[in-house]
Amino acid sequence: MTTDAPIGIFDSGIGGLTVFRTIRRLLPQESILYVGDTARVPYGNKTAETVTGYSLQIAQWLVNHGAKIVVVACNTSSAVALPALQQSLKVPVIGMIGPGARAAVRSSHTQRIGVIGTARTIASAAYDNAIQGLAAKAVVASQACPLLVSLVEEGWLSGPIAESVVRRYLEPLQKSNVDTVILGCTHYPLLAPVIQDCLGSSVTLIDSGEAAAEVVAETLVSQNLLASPAHKPQWQCGVTDMPAPFAEIAHRFLDSPLPQIRHVHLE
Ligand code: DGL
């Protein structure tokens, strides 16, 4: 494998473009191959077994198409499938949970940390376990926020509806007096302004995707996998269902245009 091979990123759908955006900004010289499993989204309300099966299939597809590292942008997949992925793939696999938990423990002064995510991510307690593995005395308050994914995909990123849904979900975290909250889902960084407004400026928000992107950069350096300086990066994007609806809302998740989106068959 040459080091100019792409970074593979996968998500259940479109939300992982927030991670794509961060990695492209941090590592502009790297090629990226992104797959969104739009045929089977959402993952957040499915069983761990189902999500693990889907995740193994897509990650293997990325490796078969030359990925030198696999980034599990989907927090739900990261929460339930990371050990299986790391065991079965022959390339480094980076998930969202460890990096997000580490960043939260580092930033929290009180070690009272909130986590929001999909129903499956919260039920897995993956963030709770990772946080308590790093800081045994940490108190973790977690809250599933299933409607937030639909809000973001609908484009309702501000205004009274977004505010009242966010306020309702965050109430228990406020009662728990957390000083740091992990945005444990691909979509939530787009709601960060509303979430921050609701929680107040004394609460720090942690974007797991940003924390994970730094781990990706460190891993490429430590494993000698950085692209060569002369490399001309290519950004490719595939989806398992129709490209058109994905293309229509992709701009919401990105700061610059995406290359053509193609349909991929997972063999
Ligand atoms: N990408 C998922 C996550 O980060 C959210 C959407 C879904 O439920 O599939 O957990």
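Taking the conditions exactly as written (of a type in the set (A, V, I, L, M, F, W, C) and either more than 26 Å from SER150 (Cβ to Cβ) or surrounded by fewer than 24 Cβ atoms within 10 Å (Cβ to Cβ) (or both)), does ALA81 satisfy them or not?
No: the conditions fail for ALA81.
What's the number of the condition ALA211 fails, among (1) surrounded by fewer than 18 Cβ atoms within 10 Å (Cβ to Cβ); (2) at pLDDT 95 or above?
(1)
Could you list, in sequence order, the residues of region 49-62 that are touching a residue at least 12 places away in the same chain (Cβ under 8 Å), away from the ligand (no atom under 13 Å from the Cβ) and either under 16 Å from the mean Cα position of the chain (by Cα) or surrounded by fewer than 20 Cβ atoms within 10 Å (Cβ to Cβ) (or both)?
Hits for region 49-62 are THR52, LEU56, GLN57, ALA59, GLN60.
Can you name the residue in region 14-31 that is buried (at least 24 other Cβ atoms within 10 Å of the Cβ) and not in a helix (DSSP H, G or I) and, of all such residues, is farthest from the ligand (Cβ to nearest atom)?
Across region 14-31, the extreme among qualifying residues is GLU30.
Out of all the residues in region 95-111, which are buried (at least 24 other Cβ atoms within 10 Å of the Cβ) and either on the phi > 0 side of the Ramachandran plot or outside any helix (DSSP H, G or I) (or both)?
GLY95, MET96, listed by residue number.
Can you say whether ALA39 is among the hydrophobic types (A, V, I, L, M, F, W, C), over 20 Å from GLY13 (Cβ atoms) and surrounded by fewer than 17 Cβ atoms within 10 Å (Cβ to Cβ), as far as the supplied structure shows?
It is false that ALA39 is among the hydrophobic types (A, V, I, L, M, F, W, C), over 20 Å from GLY13 (Cβ atoms) and surrounded by fewer than 17 Cβ atoms within 10 Å (Cβ to Cβ).
Does region 136-147 contain at least one residue that is part of a helix (DSSP H, G or I), over 14 Å from THR186 (Cβ atoms) and within 16 Å of the ligand (Cβ to nearest atom)?
Yes, region 136-147 contains at least one residue that is part of a helix (DSSP H, G or I), over 14 Å from THR186 (Cβ atoms) and within 16 Å of the ligand (Cβ to nearest atom).
Would a scan of region 112-123 turn up a residue that is at pLDDT 95 or above, assigned to a loop (DSSP other than H, G, I, E, B) and either more than 14 Å from the ligand (Cβ to nearest atom) or over 13 Å from the mean Cα position of the chain (by Cα) (or both)?
Looking for residues that are at pLDDT 95 or above, assigned to a loop (DSSP other than H, G, I, E, B) and either more than 14 Å from the ligand (Cβ to nearest atom) or over 13 Å from the mean Cα position of the chain (by Cα) (or both), one finds none in region 112-123, hence no.
Please work out which one of (1) away from the ligand (no atom under 12 Å from the Cβ); (2) under 14 Å from PHE246 (Cβ atoms); (3) touching a Ser or Thr at 6+ places or on another chain (Cβ under 8 Å) is the condition TYR34 fails and give its number.
Going through (1) away from the ligand (no atom under 12 Å from the Cβ); (2) under 14 Å from PHE246 (Cβ atoms); (3) touching a Ser or Thr at 6+ places or on another chain (Cβ under 8 Å) one by one, TYR34 breaks only (3).
Does region 153-168 contain at least one residue that is at pLDDT below 95, in a helix (DSSP H, G or I), surrounded by 18 or more Cβ atoms within 10 Å (Cβ to Cβ) and within 16 Å of the ligand (Cβ to nearest atom)?
There is at least one residue in region 153-168 that is at pLDDT below 95, in a helix (DSSP H, G or I), surrounded by 18 or more Cβ atoms within 10 Å (Cβ to Cβ) and within 16 Å of the ligand (Cβ to nearest atom).
The values are calculated or read from the model by the stated rules, or taken from the named source; none is laboratory data. Keep in mind the model is a prediction, meaning the values are calculated, not measured. Every residue, glycine as well, gets a Cβ built from its backbone with ideal geometry; the counts of neighbours run over all protein chains shown.
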